[in-house]
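Here is the structure we will look at, set down as structure tokens.
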Amino acid sequence: MILVDTGLPAEVPDAVPDEKTLIYMGSRIATYVDALAALGYTPDQVTKILITHKHADHTGELRNFPNAVIYASREECKAQELQPYANVVPVDFTDGPYACFEKSQKIAEGVYFIEAKGHTTGNSIVIVEDSGLYYMIHGDVTYTDEALYENRLSIVFEDIAAARQTLDAVRAFTGKFPTVYLSTHTPLGYENLEARQVVDLANPPESKPVGEIEIRKASGRYVCSVCGYVYDPAEHDGTAFEALPDDWKCPRCRQGKDKFNQA
């Protein structure tokens, strides 16, 4: 059994959105492991985990899969989020080009790990071939399907030039091969999978309305919407997040204050 990424650590609080919120992930319905159990799977059944990138919303529950071999690009293996795990295998993408992409690694029959730098310096994509379709599990190459169709970069990237090359390759691939585009930060990702919806760049999908957002009282803590780091004033001599300098950076992923949400 192969997983691609895992969710945020269970202890990370939900964000409390306001008019300044740049990235809102919504309210947690269930923990990652509980959701997996609801589908009939237990953590000890998982044999491989492919990590698209280091951020905690994609690596936060790795700790629950002791029997799994974890695959990540060699660059991402240096990240703090992956340091606790002795079962990480660095991937160097030595199997040559895969369609529109320059570097790849075959993980299993019909399962390919693709180098796709940009969102992070070691970002990767997973492509699964099945019954004539290509399922592209891309992590955060785009946060929304709309960005793919409008040819717009993600709002978070460590290497903007590489991010542009990756998005160009993704769009070229989806134009040549029947691709089911599986985003991790939009309802369209799940709906694409269930419907086996193939990308048609000439016909963008209908955007989903945000809907009702639960308003709750903020705790004073702030959560990085990129990597999941929690800033708690109680752990910083009572210094409120708002009092931090404007040029303060997330200690984990080095993003600015504007990427943090109230919790």
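Read-outs: derived from the displayed coordinates by stated rules, not from any lab. Keep in mind that what you see is a predicted model, and the values were worked out from it rather than measured. When we count neighbours, we look across all protein chains shown, and the Cβ atoms used for this are built from the backbone with ideal geometry, even at glycine.
Descriptive notes on the structure:
- Listed values for the stretch 84-96 are Karplus-derived 3J(HN,Hα) couplings in whole Hz (6.51 cos²θ - 1.76 cosθ + 1.60, θ = phi - 60°), namely x, 10, 7, 9, 8, 10, x, 10, 10, 6, 9, 8, x, and x replaces Gly and Pro.
- Candidates A72, A169, A99, ranked by Gaussian network fluctuation over the chain, Cα under 10 Å, top entry: A99
- Exposed loop positions in the chain were taken to be GluC sites (Glu not before Pro) whose DSSP state is not H, G, I, E or B and which have at most 11 other beta-carbon atoms within 10 angstrom. Between these positions, the longest stretch is 110-205.
- Contact order normalised by residue count of the stretch 1-69, Cα under 8 Å, 6+ apart, percent: 50 percent
- Amide H within-cut-off set for I107, under 5 Å, with H built and near neighbours excluded: Y112, F113
- Values of log10 I(q)/I(0), in the order q = 0.09, 0.10 Å⁻¹, for the chain under a Debye, Cα-only, solvent-free model: -0.41, -0.51
- Nonlocal amide H pairs with T186, under 5 Å, H built at 1.01 Å: none
- In the chain, the longest principal axis of the Cα atoms and the axis of helix 160-176 are about 40 degrees apart.
- Within the listed set I127, I29, I49, the Gaussian network model of the chain (springs between alpha-carbon atoms below 10 Å) gives the highest mean-square fluctuation for I29.
- Taking K106, K54, K208 in turn, the Gaussian network model of the chain (Cα-Cα springs below 10 Å) assigns the largest fluctuation to K208.
- Using only alpha-carbon positions in the stretch 130-205, the gyration tensor eigenvalues give semi-axes of 20, 13, 11 Å once each is multiplied by 5 and square-rooted (largest first).
- Links that overshoot a 20 Å alpha carbon limit, given the list K103/K176; K117/K249; K208/K259: K117/K249; K208/K259
- Nonlocal amide H pairs with V69, under 5 Å, H built at 1.01 Å: K48, I49
- The alpha-carbon of K106 sits under 16 angstrom from the alpha-carbons of these lysines, leaving out residues fewer than 8 places away in its chain: K48.
- log₁₀ of I(q)/I(0) at q = 0.22, 0.28 Å⁻¹ - the stretch 28-77, Debye sum with one point per alpha carbon: -0.86, -1.18
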